[in-house]
1. Taking amide hydrogens as modeled 1.01 Å from N in the peptide plane, which residues meet the under 5 Å criterion relative to A16, leaving out close sequence neighbours?
2. Highest mean first, what order results for 140-148, 248-256 on Cβ atoms within 10 Å?
3. Amide H to amide H under 5 Å from L50: which residues, 5+ apart in sequence or cross-chain, H placed 1.01 Å off N in plane?
4. Pairs of alpha-carbon atoms within less than 8 angstrom and 6+ residues apart define the contacts here; what relative contact order does segment 130-251 have, in percent?
5. For K131, go through the lysines and keep the ones whose alpha-carbon is under 24 Å away, minus same-chain ones fewer than eight residues off.
6. Just how far, in whole angstrom, is segment 180-254 from segment 1-47 if you go by their alpha carbon centroids?
7. Under 16 Å between alpha carbons, and skipping anything fewer than 8 positions from K40 in its own chain: which lysines qualify?
8. Once amide H atoms are built 1.01 Å from N in the peptide plane, which residues 5 or more positions from Q216, or in another chain, come under 5 Å H to H?
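Taken together, the values in this text are just the output of simple stated rules run on the coordinates, not laboratory data. Computed from a predicted structure; not experimentally measured. Cβ atoms come from the backbone with ideal geometry, glycine included; neighbour counts cover every protein chain shown.
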Amino acid sequence: MIRFHGVTKRYGEKTAVDGLDMTVENGSVCVLIGPSGCGKSTTLRMINRLLEPDEGTIEVDDKALRDYDPASLRLRIGYVIQSVGLLPHMRVWQNIALVPRLLGWEKPRRRERADELLDIVGLDPEEYRDKYPAQLSGGEAQRVGVARALAADPPYLLMDEPFGAVDPLTRATLQQSFRDIQSRLKKTVVLVTHDLDEAIYLADRIALMRDGVLQQFGSPAEILTSPVNEFVREFVGSDRMLRMLNTVELGAVDGWSGADGSRPTLRDALSQLLSAPERSIRVGLNDGSQEELDFDRIREMVLP
Ligand SMILES: Nc1ncnc2c1ncn2[C@@H]1O[C@H](COP(=O)(O)OP(=O)(O)OP(=O)(O)O)[C@@H](O)[C@H]1O
Ligand SMILES: [Mg+2]
């Protein structure tokens, strides 16, 4: 669990984070979102003590951050930075095994762990382990960045725009594989993004910030259906009920095919339905059952 109590961070005159109170439950994904400069990265960096708050406290596992020594803290907290930051002169497997090396693992064990992680993030170890970062595409490098953060199996994961710099299709694939990984590994994740649809798709809780102040903290459905103020309402947009469709994931939709390994949502089902000759279509639900879906049923599924 990560707990913020009245956390404030200033840079000179500028208050980057202002009195933040927030709790991130174990095994959940908290997505920080908000306009550029609202304090997302600053918030993230205070969690692993790259930055120290001016006021307030942050607790990890009920212990104040200042009572951890920074080195042991960083072993408990994996960190994926926006620019990926792989070391160019090291091979992929060596990049992934950086923290295990710091921990003194023997080379065979490090190599084995790197292979295991390449598998987890969906890269073939045979093909990728000996490459150099310059030989990777943007999406592949981001996968390696995630693998590196997971290397020592930390319970916590901080991710600053981890899927930022890739095309929409690759992004969808990375988001999907993140969800798959997360459903297996159940890390406690704080992830920063600019992209509201990404937040809705990945988050258990969304923290929407503005000028350093937390505006609303709630599930994607709460943020979309009950914005607490005008700013939140504007941020989620007048098409927020359309965005709600993305919060409902399906097993299959007749006639739908998406990015590699991705699964359809109610939004894809609606899109198929709009072009279907009938007034309903067949969809598979997540539990494996099937259902005949029409407009009324979609409305029912999307309203809380
Ligand atoms: N080292 C610094 N010195 C002075 N001001 C800073 C420093 N780092 C950040 N700031 C300011 O603090 C505020 C919050 O910055 P932060 O990087 O947390 O924003 P962000 O929400 O991550 O933005 P973006 O979405 O653009 O990455 C901004 O106004 C920024 O200009
Ligand atoms: Mg930032």
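1. The list, which skips near neighbours in sequence, is K9, R10, Y11.
2. Numbers: 140-148: 25.1, 248-256: 17.0.
For the peptides 140-148, 248-256, the packing ranking is 140-148, 248-256.
3. Sorted by chain and number, the residues that satisfy this come to none at all.
4. Details: 112 pairs, mean separation 21.5, N = 122.
Relative contact order comes out at 18 percent.
5. In chain and number order, the partners are K107.
6. Here the two parts' Cα centres lie 17 Å apart.
7. List returned: K9, K14.
8. L208
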